[in-house]
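What follows is a single structure, written as structure tokens, with notes after it.
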Amino acid sequence: MNAKSLGAVGAVVVLSTIAVHFGPPDPRASWVPGPLSQLLLALEDSFDRYDGIGVPCSDRTPRPVTVGGHAAEVPSCWKVDSAAAGATITDPDLNAMALTVRVTAIAHAISAASVTASVAEKAHALVPSDEHVWVWSNGASEVLASVVVPRIVSLAPKVRTHLESIDAAVRSLR
Amino acid sequence: MSSVASLSPARLVPAETTGTHAYIVSPLYDSVFFTLSPVFALGGLGLVGALGMTVPQITVLNQIFVQAHLVLVFLRSHGNRNIYKQFPARFTVVPVVLITAVALSRTVAILVVVIGFFWDIYHSAQQTFGLARIYDRMAGNDAELHRTADRWLNHLIYVGPIIAGLAFVSNLKPFNLLGDVGWTIFTYVPAYGNAWHAWLTVLIVAIAVPFLGWYCWRTWELHRDGFKVSVPKITLLVSTAFVSILVWGFWPLGAGLFVSNLFHAMQYFALVAHTERHTISSRLGRAKDRWDFGATWMVMLALGISYGACVSLFLAGHNIVSGYDSLAIRLAFAVSLTISILHFWYDGFIWSVRKRLV
């Protein structure tokens, strides 16, 4: 290996370190020009329609699954190995980066809408963990929702198409 | 093969006199095995699909021709005395050390797998680059002229679509193997690669479009100063770019691997048959006659396919991580991994167009 090749390898290592340290910019960030942002999001959506090896995963028709004894629906191309307790998943919307975890036991205490917003907000902030845990509390009850995604998709700015497990629990704080 | 058998020395006159339509062997041979081989490989994928072959069957078939072409490097490195005497230590000491290390250390074995995977991509781009340079020299151009631009162009049309395409993240997955020897930090590479994928795609396109424009403009400028534009070279580059963008950009990983490996192997078989025909014939005690080309092909096919079939069928269903505990599997991996890494390494210096080894 000559000096040029070593230089190229060194450059790749340095750039990779920078890339890992800073992580990918969110395409929706304000500093990203509009057309570029749209292009990046379109590319992400297009990659999302395939699984990791390029096999199409574009079938978003709802598929009924049972999550912790409860009925739920997920896109047909999702792989769900759920061990959830007391949670249902409804209206998964990957394009909007929203994963609604509706805990039926306290549906009256915490609205599903606030849960959705929190999931979307925290999905990026918790990287690089493979397990994303969200906690919501209204002072009287607490909801813990845990979504495990493969590491290969967990670092993306938005939740991608594969879930390994979804778990949720409710407990009283009083 | 008739055009091959009827090859006459007159068609192998020094390249400088043959002009912009100069071919390595003949228009038909070059078109099938070199310049349009990516397109024929695409047809090969269509054929296995039409035959109804299953994914495991296609995988074994793919491995057979991959392994077959890998072992052919020894016909040139060890079979050709002119090459062998230039690098004796590389051809004797290194293989023994490497095969021993792979057989004794799981870490070395996995490292060789990972390095080999990415070296293969670079090596394949370099092969197309090498062929392009041969055509340029045969057209009568200086071996140094336009060389750097050709190298980057070939990386761009070969590696670029892999980075920008659908199966990019899958191409990073070999890094996960390093987690099995405790180097878990490398398992983050595919994860971060996935996160950066859209940005990388935009970056590649942003580099490729102006570069292609500059390449064409530069070629035109050189042409006005006397540079001869080789038609076979342009055909090779266009067909490689078209197929590479198609299979890596838009098709699944398996399709990309099959097509790329197939045309790479076709080119390699054809090139070795051409360059080593006299060597192999004389080694077999044959005279240098008009049939030596055909005889060389027969020897190569017999050797390559026998080796490829043995390795592929024996190792089918095994991987380096789980199979390493079995002595037989480990030894088979040691042999095949050593041959593959030596192939990539040897090819980097035994085909130098600049040094007129080709």
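The values are calculated or read from the model by the stated rules, or taken from the named source; none is laboratory data. Everything numeric in this text was worked out from a predicted model, so none of it was measured. Positions of Cβ are generated from backbone atoms using ideal geometry, with glycine treated the same way; all protein chains shown enter the neighbour counts.
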**OP:** Mind listing whichever residues of region B:99-126 are charged (D, E, K, R) and closer than 12 Å to B:Trp345 by Cα?
**Re:** B:Asp120
Subject >> Failed condition for B:Ser244, given (1) within 14 Å of chain A (Cβ to nearest Cβ); (2) buried (at least 20 other Cβ atoms within 10 Å of the Cβ) >> reply: (1)
Original post:
What single numbered condition from (1) on the phi > 0 side of the Ramachandran plot; (2) in a helix (DSSP H, G or I) fails to hold for B:Gly304?
Top reply: (1)
Original post:
Across region B:135-152, what is the number of residues that are of a type in the set (A, V, I, L, M) and crowded, with 23+ Cβ neighbours inside 10 Å?
Top reply: 1
Original post:
Counting just the residues of region B:247-282 that are hydroxyl-bearing (Ser, Thr, Tyr) and under 16 Å from B:Leu131 (Cα atoms), which one comes out farthest from the other protein chains (Cβ to nearest Cβ)?
Top reply: B:Thr275
**OP:** State yes or no: is B:Val238 at pLDDT 90 or above, closer than 19 Å to B:Phe65 by Cβ and outside any loop (DSSP other than H, G, I, E, B)?
**Re:** no
Subject >> Selection within region B:256-270 - crowded, with 23+ Cβ neighbours inside 10 Å and either in contact with an Asp or Glu (Cβ under 8 Å, 6 or more places away or on another chain) or of a type in the set (A, V, I, L, M) (or both) >> reply: B:Val259, B:Leu262, B:Ala265
